[in-house]
1. What is the helix-to-structure angle for 68-95, meaning the angle in degrees between its Cα long axis and the longest Cα principal axis of the chain, kept from 0 to 90 and rounded to the nearest 10?
2. Determine the shape class of the range 2-66: with a ≥ b ≥ c the square roots of the Cα gyration tensor eigenvalues, call it rounded for a/c under 1.5, and otherwise prolate if a/b is greater than b/c, oblate otherwise.
3. Highest first, please rank the peptides 128-140, 183-195 by the mean number of other Cβ atoms sitting within 10 Å of their residues.
4. DSSP beta bridges in the range 84-220, what fraction antiparallel, as a percent rounded to 5?
5. Using the alpha-carbon centroid of each, what span in Å lies between the range 5-21 and the range 149-228?
6. Averaging sequence separations of C-alpha pairs under 8 Å and six or more residues apart, then dividing by the length of the range 215-263, give the relative contact order as a whole percent.
7. Let's test the formula: R0 of 25 Å, r as the Cβ-Cβ distance of ARG139 and ARG14. What FRET efficiency results, to the nearest 0.05?
8. In the range 72-145, what is the count of Lys pairs whose alpha carbons are under 24 Å apart, counting only pairs at least 8 residues apart or on separate chains?
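Every number here is computed from the coordinates shown, using simple stated rules; none is lab data. On a predicted model such as this, the values are computed, not experimentally measured, just so you know. Cβ: placed from backbone, ideal geometry, glycine included. Neighbour counts: every protein chain shown.
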Amino acid sequence: MSRFALVEIEDGPRVRCYCEPGLSIHVSDRCIVEADNVLEAGRVAELEESDAAVPDKKAARVLRCATLQDQAKAKENALRSKMALDSCIQKVEKYKLEMRLGRVRYSFDRKVLMVLFTAESRVDFRDMVKDLAGELHTRVEMKQIGVRDEAGHIGGMGPCGRAMCCCSWLHRFESINVKMAKAQGLSLNPATISGMCGRLKCCLRYEYDQYRELGRKMPREGSMVTCPDGKGKVIGRDVLTQRVRVRMDQERVAEFDASDVKAIHHAGKGDRGDKK
């Protein structure tokens, strides 16, 4: 039985690392890991037992729990990273590159300087990398990221009053589309359904499946139905409370439980709440 740890690299990604037998480590412990022959400092987010074979020596692995000296070095690296950011800004201006710098950080052993940036198109940064490597005496790795990743790195408060999901706990972005907002009856005003990054809010995905499943049990808007007061036309639905608003004769509007309303004719694709 092998043990693996999901480690959150400081100012970096999550890495699944193999734990050597006999290593005493727990969730939330700070640790030093080796990945791609580079040392990184991080925090254990999860631990798991697996029947998988012991990975080869090239696989990421946890070396040890972080000592006080390791933690002091990590703080020093954070200061050096800020200084390196200033150097990166100067190089971007020097070579007139159309990019926006995001986060700049050293690996724990300072062998690699990772530079995250956003750009509208492809950028030729080879001269900048050579100049930086010569000045800082380290290997420079450039990585272009999207605006959603950039928002996660910068951080901020969402309209709900809490820290944005992408900078607090959301580590994998799923595809979001306007259909999800429609299914939940939300206003399609871009200012309402867009996040701080300018893209559709990630939280539109959270309840979409539930809205879609509940909507299937209800007649869709515009369909003719029978209800306790007679026949009418559906003019509105509240999916969460399973209530349906029906326009009766003489323009009278009444509201009923979805279970009391039955469709009397269907559109060609069926009476499914998630179809438009």
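1. 80
2. On the way: a/c = 1.59, a/b = 1.21, b/c = 1.31.
In terms of gyration-tensor shape, oblate.
3. Numbers: 128-140: 15.8, 183-195: 13.4.
The packing order, highest mean first, is 128-140, 183-195.
4. Working: 7 of 13 bridges.
About 55 percent, rounded to the nearest 5.
5. After rounding, the separation between the Cα centres reads 31 Å.
6. Numbers: 94 pairs, mean separation 17.3, N = 49.
Result for the range 215-263 is 35 percent.
7. Details: r = 22 Å, r/R0 = 0.89.
FRET efficiency, ARG139 to ARG14: 0.65.
8. Eligible lysine pairs with Cα atoms under 24 Å apart amount to 20.
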